[in-house]
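So the structure is just underneath, and the comments pick up after that.
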Amino acid sequence: MCYQVGALVLRNNYAQNVAISNALAQSPDMLHAQQRFLRHLVREGHLDRALEFLPTDRQIRERLAQGQGLTSPETAVLLAYTKITVADELLHTTLPDDPYLRTLLHAYFPTALREKFAEQIDTHALHREIVTTVLVNDTVNTGGTSFLHRLREETGASLEEIVRAQTAARAIFESSQVWDAVEALDNVVAADVQTRIRLHSRRLVERGTRWLLNNRPQPLQLAETISFFSDGVEQVWSQLPKLLRGADSEWYQRIHDELTGAGVPDELATRVAGFSSAFPTLDIVAVADRTSKDPMAVAEVYYDLGDRLGITQLMDRIIELPRADRWQSMARASIREDLYAAHAALVADVLTVGNGTSTPEQRFKAWEEKNAAILGRARTTLEEIRSSDAFDLANLSVAMRTMRTLLRTHS
């Protein structure tokens, strides 16, 4: 028992060090969000910033002006307070009792005890505390100190709902396997390459968390949600090199080549190169379910349509929008999610033309002929926006209005 717990402690210490490294790599980009979280902790009576030697708002403004973020010790303190407050709140919810999390409880004990005393472990006096501790460590170590607070601000969801969604997203996208593979590269590839992969993985999971919060009934049933998405997501993800077109394909190949050139094994590089294009697999599986289509058939139309309508380039412009404060971040996230939703809805519309043997090209041609007038006007507007010298919420909002016009026409 002592050995098992000791191993868990060592592993969590490693994960916490990784979390701090990830946070430092994102400084000072996350300092605005960290400042808001610090204020929240103070308002709730959880934190005395002076006692913990954490910077004041004035000092944070000075650091932002100088392009600096929190230091390693400050980040470690914030990480600790995040875990303490999150664990305390989650203990008063039903999440620790979710059957899916039973594996976290059993993983805490040595193999011999798991095999011999499974029933006794289930009824352990501290089973809820054990599950909560392990879950909070996994959630915060992978998501970062401000992740839960930011998602609360952006979505209005409860802490339990956000943790459920993030747990499901991590399982659906198999992020733990990626992080384990990255850990195995310690002293094999450069540390900044490992950090880059972890941050890419974190971004994918964060987007998946938002999607699940916005598109699935809450609170999520973990086992049911993970089972619903996992096979379809993996099926599409494994075929991404064949499915991607144009800019998406070029981006995929560039990331793959950069990673393999840095010493990352081909299997892991292939997985990571697909992160940006893997997020839409949630929409693809959902559309496949609504339309009773095979996920691969939906995926073929999805990536083909994205290339033909220049949706990928439009998404790139949205991602480049500034996020210097909470409102810019929320506006950026909102317009990005609107575009993903519009893309998915248009895919469903394209799937209504043609037949079971139609190729994506044939479906698009039939759809284009059916809607030639409105599509021509939309293309003209979108092309003017894509060729703009600068991109901001004004012209990108017009782009989204154009996409919504297409949706209204075809609804």
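Summarise the long-distance tail of P(r) for the range 264-411 by giving the % of C-alpha pairs beyond 23 Å. Could you put the intermediate results ahead of the total?
Details: 4418 of 10878 pairs.
Of all Cα-Cα distances in the range 264-411, 41 percent exceed 23 Å.
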Scattering from the C-alpha atoms of the range 239-344 alone, worked out with Debye: what is log10 I(q)/I(0) at q = 0.23 1/Å?
-1.21
Using the Kirkwood radius built from alpha carbon pairs, what does the Stokes-Einstein equation give as D for the range 82-166 at 4 °C and 1.567 mPa s, in µm² per second?
96
By a straight-distance test (C-alpha under 25 Å), which lysines pair with Lys242 as possible cross-link partners, with residues fewer than eight away in the same chain excluded?
Lys293, Lys365
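Checking the a/c ratio against 1.5 first, then a/b against b/c, what shape does the Cα gyration tensor give for the range 108-215?
Details: a/c = 2.41, a/b = 1.20, b/c = 2.01.
Here the range 108-215 falls in the oblate category.
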Under the definition of Cα pairs under 8 Å and six or more residues apart, what whole-number percent is the relative contact order of the chain?
13
May I ask for the angle, rounded to the nearest 10°, between helix 372-386 and the longest principal axis of the chain, with both axes built from Cα atoms and the value confined to 0 to 90°?
50
So between Glu119 and Ser176, what do we pick up on full extension, going 0.36 nm a residue minus the alpha carbon distance?
17.8 nm
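Where the only charges are on Cβ atoms (+1 Lys, Arg; -1 Asp, Glu), what is the dipole of the chain about its Cα centre, to the nearest 20 debye? Present the calculation step by step, with values, prior to reporting the outcome.
Working: 45 positive and 54 negative charges, 178 e Å.
Charge dipole, the chain, about its Cα centre: 860 debye, nearest 20.
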Divide by every residue of the chain the summed helix terms, -39500 (n - 2.57) for each DSSP H run of at least 4, and state the resulting mean residue ellipticity at 222 nm, rounded to the nearest 500 deg cm²/dmol.
-23500 deg cm²/dmol
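For the range 177-316, what is the charge dipole size about the Cα centre, in debye to the nearest 20, if Lys and Arg each add +1 at the Cβ and Asp and Glu each add -1 at the Cβ?
Numbers: 14 positive and 21 negative charges, 91 e Å.
Result for the range 177-316 is approximately 440 debye, rounded to the nearest 20.
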Sort the range 255-298 into rounded, prolate or oblate with this rule: let a ≥ b ≥ c be the square roots of the eigenvalues of the Cα gyration tensor; rounded if a/c is under 1.5, and if a/c is not under 1.5, prolate when a/b is larger than b/c, oblate otherwise.
prolate
Expected output is a single nm value to one decimal: the length gained when fully extending between Leu51 and Arg401, i.e. 0.36 nm times separation in residues minus the C-alpha distance. What is it?
121.0 nm
Classify the chain as rounded, prolate or oblate, taking a ≥ b ≥ c as the square roots of the eigenvalues of its Cα gyration tensor: rounded when a/c is under 1.5, otherwise prolate if a/b is larger than b/c and oblate if not.
prolate
Looking only at the range 124-150, which residues have a backbone nitrogen under 16 Å from a spot 7 Å from the Cα of Leu64 in the C-beta direction?
150
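Here, each number is a calculation from the coordinates, and none is a lab measurement. Since the structure is predicted, the reported quantities are computational estimates derived from the model, not experimental observations. Note: ideal-geometry Cβ built from the backbone for every residue, glycine included; neighbour counts use all protein chains shown.
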